[in-house]
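Structure first, then comments.
The values are calculated or read from the model by the stated rules, or taken from the named source; none is laboratory data. Not measured: the values here are computed from a predicted model. Neighbour counts run over all protein chains shown; Cβ positions are idealised from the backbone, glycine included.
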Amino acid sequence: MPLMETRQSPFSRRAFLSALGGLATAPVFSASPLAASLLEGNAGDDGRLFANAYKRADGSFGIGILDDYGQVLGQIVLPGRGHGIAVSPDRRRFVAFARRPGTFALLVRPYEDAEPLAIVAAKGRHFYGHGCYSADGRLLYAVENDFEAARGVIGVYDVSGRLAQRIGEFPSHGIGPHDIVLSEDRTTLVVANGGIETHPDRAREKLNLDTMQPSVAFVDAATGDLVTRHQLHASLHQLSLRHMALDRNGRAWVGGQYEGPASDMPPLVAVIAPDEPPQLAAIPAVLTGKLENYIGSVAANATGDVIATSAPRGGQTLFWSAGTGNFLGAQSIPDGCGVAPADQGSFLISDGNGGVSHVSEPGEPSEVLSRPPGIFWDNHMVAIS
């Protein structure tokens, strides 16, 4: 089952907003007046809630909680720039990760009387910005860098109790693991190894562009054993495989970020299943040279039939049929990157200029729902209810 698949939640929107109010006294959390007004009014349970990392105009960072109208209901302050967010299967908890090479993550339990819990990376490790939960929600898997050995690892954390305890790790079977999702069978982790060697002493410098070997590895979640691994053709060894979403058939749609010459126009979206050769999605010629060789986020709609791939540097979000692989259309949203399923067929898209847009159908005009003052959205948006 895809981690972000829409499912019936036993927890209501009202309960979540009540929890925001309960956490308002915590030093790292603030609930907006809008959340209070919704609680005092007749807030229903039919709307969805989302989370997205942001930067404020004053230079501070955090996670914003949004409704399906793009309105900010609450904010969680982070000590540095955030990136991805992992949501537990029961939707009771989520973990916000620092952007690479950050060493913090924050576990939020909005339905419990508990402040957010800080998770610190182990010595010699840093986070790559993403993680996912086990099927039963007991374990958290975080993609990490063993930077002295120049190898990717998956840190395993027991988050079943009141604390988050790192209980081990296993290899990601590649360098630079960036994204990780739990497969359809709930027993396998799908890991996008971007292939780029980095070291925190050299900030975000890329150390091995000539010898990159990006891959997507399918890893046994219980043992860490490699099930299978796929790489693209050697001519695409500089296409860093970064972000993923699973379609209704359990195949991983992976967005690439090209590290080769800017004049090249490689394919940027791959479809990878454990028992099939990788397939490359065909980007229309009219868009090929306009995406700056960079896919920022990948998301599936609620049914897994449509895949959205954002290209923030090119100001385009592309949509694909998961069944046929055909291109369905594109939306022009400047610096639009965060993408999340809004309902059965539509998407919300956040952008670096602070806007939240709604796309009802691929190819249809987008609607800007909100632009909260002083907030600039970062790369990834997820549904949390």
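Observations on the model:
- Of everything listed in (1) aliphatic (A, V, I, L, M); (2) out of contact with any Gly (no Cβ under 7 Å at 6 or more places or on another chain); (3) farther than 24 Å from MET381 by Cα, the single unmet condition for ALA252 is (3).
- The residues of the range 324-342 that are over 20 Å from ARG371 (Cβ atoms) and touching a residue at least 40 places away in the same chain (Cβ under 8 Å), listed by number, are GLY325, PHE327, ALA330, PRO341.
- Counting residues in the range 229-241 that are at pLDDT below 95, in a helix (DSSP H, G or I), out of contact with any Phe, Trp or Tyr (no Cβ under 6 Å at 6 or more places or on another chain) and exposed (fewer than 14 other Cβ atoms within 10 Å of the Cβ) gives zero.
- Going through (1) over 19 Å from GLU184 (Cα atoms); (2) not in a strand (DSSP E or B) one by one, ARG248 falls short only on (1).
- Comparison of TYR133, TYR141 shows that the only residue that is touching a Ser or Thr at 6+ places or on another chain (Cβ under 6 Å), of a type outside the set (Asp, Glu) and at pLDDT 95 or above is TYR133.
- Subset tally (residues that are touching a Ser or Thr at 6+ places or on another chain (Cβ under 6 Å) and closer than 19 Å to GLY289 by Cβ) for the range 317-339: 5
- Restricting PRO266, PRO274 to those that are closer than 27 Å to THR188 by Cα and either assigned to a strand (DSSP E or B) or in contact with a Ser or Thr (Cβ under 9 Å, 6 or more places away or on another chain) (or both) reduces the list to PRO274.
- Test: residue in the range 88-100 that is out of contact with any Asp or Glu (no Cβ under 9 Å at 6 or more places or on another chain), at pLDDT below 95 and part of a loop (DSSP other than H, G, I, E, B): yes
- Of all residues in the range 361-378, those that are among the hydroxyl-bearing types (Ser, Thr, Tyr) have Cβ atoms under 9 Å from Cβ atoms of residues that are part of a loop (DSSP other than H, G, I, E, B) and surrounded by fewer than 18 Cβ atoms within 10 Å (Cβ to Cβ), 6 or more apart or on another chain, in SER366/SER360; SER370/TYR69; SER370/GLN71.
- Verdict on ARG251 being surrounded by fewer than 20 Cβ atoms within 10 Å (Cβ to Cβ), in contact (Cβ under 8 Å) with a residue 12 or more places away in the chain and not aliphatic (A, V, I, L, M): no
- Residue among ILE85, ILE76, ILE65 that is β-branched (Val, Ile, Thr), under 13 Å from the mean Cα position of the chain (by Cα) and either buried (at least 20 other Cβ atoms within 10 Å of the Cβ) or assigned to a loop (DSSP other than H, G, I, E, B) (or both): ILE85
- Taking the range 280-385 and the strands (runs of 3 or more DSSP E) fully enclosed by it, the elements with 1 or more residues that are over 30 Å from ASP58 (Cβ atoms) and within 15 Å of the chain's Cα centre (by Cα) are at 297-300, 306-311, 336-341.
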